[in-house]
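Student: Below: one structure in structure tokens.
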Amino acid sequence: AGHKAVGDWQALLGVNLRCHHLSWDTMRGEAKRDYPASILHQSAWYPEYKHVEDYFARFGLMMAQGKPVCDVLVINPVESLWAQVYQGWSSILAVQDEHIQTLEEKYQQLFTWLLENQVDFDYGDEEMLARLASVEHGMLKVGCAKYKCVLVSGMDTIRSSTLSLLDQFAKAGGKVVFAGDVPGYVDAEPSEIRNAKYQNIAFDKKAILAALPQPDASVDAPDIFGQLRQTDGGLVFAALNVNREARRDNALVKIKTDRDIEEWNCETGERIPVKAESSNGWKMFA
């Protein structure tokens, strides 16, 4: 169950090929200093592990198809943390600095708010954006990915190169949203950020969700994370209950499509037709 819970989280968020740690050739040898659980014949459950890996083979194949339907880029605030690291800021793995704790809490909150409402997004690293990003036809392009909206939140400092990119994007008609306090520093120097085309909103769940593009697939239930992918054959929507203590058996699912709906069972490989109601280009089922 633990392996499945961790693997589900990874598979949903982009890890579609599993590499285990580890399989022992032998348990003998006095030089060994590390003893993680072997997934080979030394473990009593080894003959049954096929059920787990067949499940993830199907899940991984499903999540490797097509391209993600992802319209939102969140600027990663990690450099705001780096800029404030000092001796004693953390003890072992526990943060001691109150302001850094606040940054971490906002980072976690934003992540959860978006995913539990099935708003898929990517993190934009500022160094990579400086090298790889451009604005094309009103979209922010990074490599092969294109975004309609950029969200900035939980940052104390932002790069001037990022601001220049956001200015270009906003001028081309793209949507730039600042949630919560606007960074008070540019390149770690005090600076005031002003652009009439930027949207400034409170760091609030409802305000943020209202400002972002609405997802083309959603689940009306708590603790459900989702990702939507566009394939040549239609849409693939993966919905994952991240609450290990409670099942969600009757959640209402909405998908913006005119195609027939199938439920794919990753445990058995079955594809089961689902009866769905149609309304204004949406399919709804429980």
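The values are calculated or read from the model by the stated rules, or taken from the named source; none is laboratory data. This structure is a prediction, so every number in the text was calculated from the model and none was measured. Methodologically, a virtual Cβ is constructed for each residue, glycine included, from the backbone with ideal geometry; neighbour enumeration extends over all protein chains shown. SASA here: full protein model, heavy atoms, side chains in, ligands and nucleic acids out. Shrake-Rupley method; radii C 1.70, N 1.55, O 1.52, S 1.80 Å.
Student: For Asp223, are the conditions met, namely being within 21 Å of Met63 (Cα to Cα), among the acidic types (Asp, Glu) and at pLDDT below 95?
Tutor: yes
Student: So Trp9 fits all but one of (1) open to solvent by less than 70 Å² (accessible area, probe 1.4 Å); (2) in contact (Cβ under 8 Å) with a residue 24 or more places away in the chain; what number is the exception?
Tutor: (1)
Student: In region 170-194, what count of residues is obtained for those that are open to solvent by 50 Å² or more (accessible area, probe 1.4 Å) and of a type in the set (Phe, Trp, Tyr)?
Tutor: Result for region 170-194: 1.
Student: Can you name the residue in region 123-155 that is of a type in the set (D, E, K, R) and more than 25 Å from Ala210 (Cβ to Cβ) and, of all such residues, is least open to solvent (accessible area, probe 1.4 Å)?
Tutor: Looking at the filtered set, the residue picked out is Glu126.
Student: Right, another one. What number of residues within region 46-73 are open to solvent by 60 Å² or more (accessible area, probe 1.4 Å), within 22 Å of Asn265 (Cβ to Cβ) and more than 21 Å from the chain's Cα centre (by Cα)?
Tutor: Looking only at that region, the number is 3.
Student: Among the residues of region 74-87, which ones are open to solvent by 50 Å² or more (accessible area, probe 1.4 Å) and free of Cβ contacts under 8 Å to residues at least 24 places away in the same chain?
Tutor: Within region 74-87, Trp82, Val85, Tyr86, Gln87 qualify.
Student: Now for a separate question. Please find, within region 156-169, the residue that is surrounded by the most Cβ atoms within 10 Å (Cβ to Cβ) out of those that are among the polar types (S, T, N, Q) and over 26 Å from Glu105 (Cβ atoms).
Tutor: Ser161
Student: Going through Asp167, Asp125, Asp187 one at a time, which residue ends up being of a type in the set (D, E, K, R), under 23 Å from the mean Cα position of the chain (by Cα) and modelled with pLDDT of 95 or more?
Tutor: Residue meeting the stated conditions: Asp125.
Student: Next up: Give Ala211, Ala251 a once-over and let me know the one that is of a type in the set (A, V, I, L, M, F, W, C), within 30 Å of Ser164 (Cβ to Cβ) and open to solvent by less than 50 Å² (accessible area, probe 1.4 Å).
Tutor: On inspection, the qualifying residue turns out to be Ala211.
Student: Looking only at region 266-285, which residues are among the β-branched types (Val, Ile, Thr) and open to solvent by 50 Å² or more (accessible area, probe 1.4 Å)?
Tutor: Thr268, Ile272
Student: Further question: For the list (1) assigned to a helix (DSSP H, G or I); (2) open to solvent by less than 60 Å² (accessible area, probe 1.4 Å); (3) over 26 Å from Lys256 (Cβ atoms), I need the number of the one condition that Thr112 fails.
Tutor: Condition not satisfied by Thr112: (3).
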